[in-house]
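I have placed the structure first, in the form of structure tokens, so that the comments after it can refer back to it.
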Amino acid sequence: MRRAGSALAVLAAVICAGCGSQTTQSATPAAATVAPSLHPHPQAVEPVAGAGAPTQSTSGAPVAVSVSPPNGALAQPASLATVRMQLAASGLSANPNQATLTPDGLAISPINAPPAVQAIIEAGNEIAHLPYRYGGGHTTYEDTAYDCSGSISFVFAAAGLLKSTVVSGQLENWGAPGPGKWVTVFANAGHTFMYVAGLRFDTVALAETGSRWSNRPADEPDLKTFSVRHPIGL
């Protein structure tokens with residue numbers, strides 16, 4: 001058990017370090033709408049998720065790292081119909097202002113959440129269990145694995161808050177400063193995570209629990225290095 005815990009901690013550290021340096025387009029204000037070329041709920045189109053890749057090349061540059069499905073099947077975003085069936089099967093009810101975490105690692109939107117927050121949570125559920133891959137979700141929204149900033153780019157695009165993918169370094173100055181009422185983004189040059197209606201959405205949680213959604217606190221030892229931002233109005 002001690003060895004397994006150590007391996008999990010290493011994997012979480014690799015995932016935490018593997019965001020923020022993927023080349024992409026610049027961020028846009030939170031009020032921007034999704035470009036016509038994007039789909040509100042993208043579906044996977046290419047078998048790009050990998051497994052067992054080294055974390056560093058011979059030149060020292062980071063390379064693809066993935067957490068792949070244990071059965072080797074090609075992962076892809078779940079449909080909204082499937083997600084809603086899973087949420088109903090949980091038997092849990094929505095709270096007024098706080099998202100609810102199901103035993104399967106999905107999030108139930110609060111009753112009073114604005115439409116944009118509900119869209120973020122719905123999109124987050126679609127990719128909650130997808131594998132991690134460095135750079136995943138940046139060359140295309142329609143991917144089979146996502147890194148930390150790719151995950152946030154996916155859900156923000158679904159909610160109409162982005163029209164291009166962003167890396168964690170760009171999120172340091174995105175939106176408005178400080179925590180939001182519904183959504184709070186933490187970002188530095190190497191990693192990003194966020195809280196949506198009280199639940200954490202994070203690739204580190206994925207390594208620990210198998211879902212990007214968790215009740216994990218923001219207890220990073222380097223938390224002071226993160227910028228705290230939120231989408232305008234949320």
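The values are calculated or read from the model by the stated rules, or taken from the named source; none is laboratory data. Everything quoted here is computed from the prediction, not taken from an experiment. We place every Cβ from the backbone using ideal geometry, glycine too, and count neighbours over all the protein chains shown. The accessibility values were calculated without ligands, DNA or RNA, using every heavy atom of the protein model including side chains. Shrake-Rupley method; radii C 1.70, N 1.55, O 1.52, S 1.80 Å.
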| message | Condition first: open to solvent by less than 10 Å² (accessible area, probe 1.4 Å) and among the basic types (Lys, Arg). Can you find one or more residues in segment 180-192 that meet it? | response | no
| remark: Of the residues in segment 115-141 that are among the charged types (D, E, K, R) and under 17 Å from ALA157 (Cα atoms), the one that is least open to solvent (accessible area, probe 1.4 Å) is GLU126
| message | Can you list residue pairs whose Cβ atoms sit under 7 Å apart, with the first residue in segment 212-227 being under 20 Å from THR102 (Cα atoms) and open to solvent by less than 30 Å² (accessible area, probe 1.4 Å) and the second being acidic (Asp, Glu) and assigned to a loop (DSSP other than H, G, I, E, B)? Count only pairs 6 or more apart in sequence or on different chains. | response | ARG212/ASP202; SER214/ASP202
| task | Can you tell me which residue among PRO69, PRO110 is modelled with pLDDT under 95, assigned to a loop (DSSP other than H, G, I, E, B) and not polar (S, T, N, Q)? | result | PRO69
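State the number of residues belonging to segment 101-114 that are out of contact with any Phe, Trp or Tyr (no Cβ under 8 Å at 6 or more places or on another chain), in contact (Cβ under 8 Å) with a residue 40 or more places away in the chain and open to solvent by 10 Å² or more (accessible area, probe 1.4 Å).
If we filter segment 101-114 for residues that are out of contact with any Phe, Trp or Tyr (no Cβ under 8 Å at 6 or more places or on another chain), which is where we start, we get 102-104, 108-112.
Keeping just the survivors that are in contact (Cβ under 8 Å) with a residue 40 or more places away in the chain gives 104, 109-110.
Restricting the remaining residues to those that are open to solvent by 10 Å² or more (accessible area, probe 1.4 Å) gives 104, 109.
Summing the residues that are out of contact with any Phe, Trp or Tyr (no Cβ under 8 Å at 6 or more places or on another chain), in contact (Cβ under 8 Å) with a residue 40 or more places away in the chain and open to solvent by 10 Å² or more (accessible area, probe 1.4 Å) in segment 101-114 gives 2.
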